[in-house]
Each structure stands twice: as structure tokens, then as C-alpha cells.
1. If contacts are Cα pairs under 8 angstrom and at least 6 residues apart, what is the relative contact order of the chain in percent?
2. How much mean residue ellipticity at 222 nm does the chain get from its helices, if each DSSP H run of length 4 or more adds -39500 (n - 2.57) and you divide by all residues, to the nearest 500 deg cm²/dmol?
3. Based on the alpha-carbon gyration tensor of the chain and its eigenvalue square roots a ≥ b ≥ c, which shape applies: rounded if a/c is under 1.5, prolate if not and a/b is larger than b/c, or oblate?
4. Given R₀ = 41 Å, what would the calculated FRET efficiency be for residue 20 paired with residue 185, taking r from the Cβ atoms and rounding to 0.05?
5. As a footprinting exposure proxy, order 89, 52, 94 by other Cβ within 10 Å, with the fewest listed first.
6. Out of the DSSP beta bridges found with both residues in the chain, what percent are antiparallel (nearest 5)?
7. In Å, what Rg and Dmax follow from the Cα atoms of segment 156-227?
8. Quick check for you: which residues of segment 88-119 have the amide N under 12 Å from the point 7 Å beyond the Cα of residue 43 toward its beta carbon?
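What follows draws every value from the coordinates through simple rules; no lab data is involved. All values reported here derive from a predicted model rather than from experimental measurement. Cβ placement follows ideal geometry from the backbone for every residue including glycine, while neighbour counts extend to all protein chains displayed.
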Ligand SMILES: C[S@@+](CC[C@H](N)C(=O)[O-])C[C@H]1O[C@@H](n2cnc3c(N)ncnc32)[C@H](O)[C@@H]1O
């Protein structure tokens, strides 16, 4: 996605991807829990992080496991991959997820993570991607998807809600495809984290177009500015915006 070549310039400084925040710790603790990663595992752990972005999550997982883990981080955007800080503990691959998973060997991984990326894949390719992940996993291997709901409550402007829904299918769609390709024990946990942010910082986040909802292919500068005026008027008496970020953690097992 071209979007992330630009987004990479601001990504690590935005509210949802900043380092060392309570939000990051909350998110990581859930990823560790749902991926069932024991810190002192005797069995080798092989993780694929598909759509890894700047590799921050993979770095934190590696640190938590004391670097006794093999993590392959795949992303099609080299500018995002170049932001990684610990290249030696990760295998970095610049590739499209579909072409990468198609060449995986059977039983080559015991965990697969897709954090905030599944909505970027062409919907018609998802059955093939899931089938290839299923084949690549060992028996009892785990596949964790972290995604956001189809309907959200962020303080957006009207047209942004429509764009969001257009690009973010309901999570049940993913679950049904997981079942179709053979995954079992599929568990869905939707968790909330309370966000407090000044109205100006939130407007800045939208103006920076970090989320693809606000990419210039979706909103021209004029359209984005009009949207921001809508937010300013809606929240003119509010200095601090409060809302929940909702993350859906979907775990699926290969039996
Ligand atoms: C919202 S970011 C999430 C990054 C990271 N997982 C995180 O949570 O910070 C989405 C990432 O998916 C990557 N991406 C999107 N479509 C992709 C594809 N088809 N193949 C590989 N990477 C893709 C983008 O380049 C971007 O880095």
C-alpha cells in the first residue's frame, strides 16, 4: 500500500503507535495472552508477523521472550520496515502477504500474528491467505488477528464513518472464512481501552492522515479540511475528547 510510505513519517509518533504508553502495554499484554507465549518455553517458538509495519510489536515480543524466539516480519512497505530498531533479532521480509504466504512450507510456524492489517487485503484473496496460513501452521498452532469493528465511535466527521465502514468488513466475515479453511476453537474478544486526548491533538492525528481512512485517495486536502471544521464545530466546547478504542482479538487454532 502506497499509503504507508507517507504514513511512516509520522506513524511512531501518533497516539495509537507511540512507544512506552499504557495503551501499548495493554495491547501487548493481550497479544501475549492470546498468542499463548510462555516466557520460558522449552519448545522453539516460530512467529510470523504479517503486516508487521515498523516491527515494534515483534521487537516487544522478542524482548519479552528474552530473544529465544524466531520472528519473521513481513511487510510490503520498505519505509515502514526501515523504522525497525532491532534488526538483528528479527527476520525482515519486504513482500506482499499473499505472495509470501503462498511459498511457505508446511508446519513452518507455530504462531501467526496479523495486527491491524487484514482490512487492507483484497477481500477476494482472504480465503487463499487463510488457507496458506493454515497449511503453514503446525498442529495446535495459533493464528491471532487484531482488528477494529465495522462500526466505530471515534470523534470523526460524517463522511469518515462511511469510508471506515467501506474498508473495514464486519469481523464475522473473517471468522467465517477461518472456519471454511479448517480453523477450529475460534475465539473472539472485543476489548476497550479508554482514550483521552486533547481536541487539538486528535485533529492533528486526522490531519496527519496516519490511518488509511484519511489517505489523500479518500479525501482531498479540501475535503479533509472541511471534515476537520465539522469536528471543530461538533466539539467546540470540549478540550479533552474521551472515547474507547475497541480492538477485536480473534484467535483461531489448527487442530
Ligand atoms: C496499520 S499498519 C499495522 C502495522 C503493525 N502491524 C502495527 O500494528 O503497528 C498496516 C501495515 O500493513 C502493511 N500492509 C498492508 N497491506 C499489505 C500487504 N498486502 N502485504 C504486506 N503488508 C501490507 C502496511 O504496509 C502497514 O505497514
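1. Rounded, it is 21 percent for the chain.
2. -10500 deg cm²/dmol
3. On the way: a/c = 1.79, a/b = 1.63, b/c = 1.10.
Prolate shape, in that a/c is at least 1.5 and a/b is the bigger ratio.
4. Step by step, r from the Cβ atoms, then E = 0.75.
5. Ranked by crowding around the Cβ, least crowded first: 94, 89, 52.
6. Values: 19 of 37 bridges.
Counting only bridges with both partners in the chain, antiparallel ones make up about 50 percent.
7. Gyration radius and largest Cα-Cα distance of segment 156-227: 16.5, 47 Å.
8. Of the residues in segment 88-119, 109-111 have backbone N under 12 Å from the label point off residue 43.
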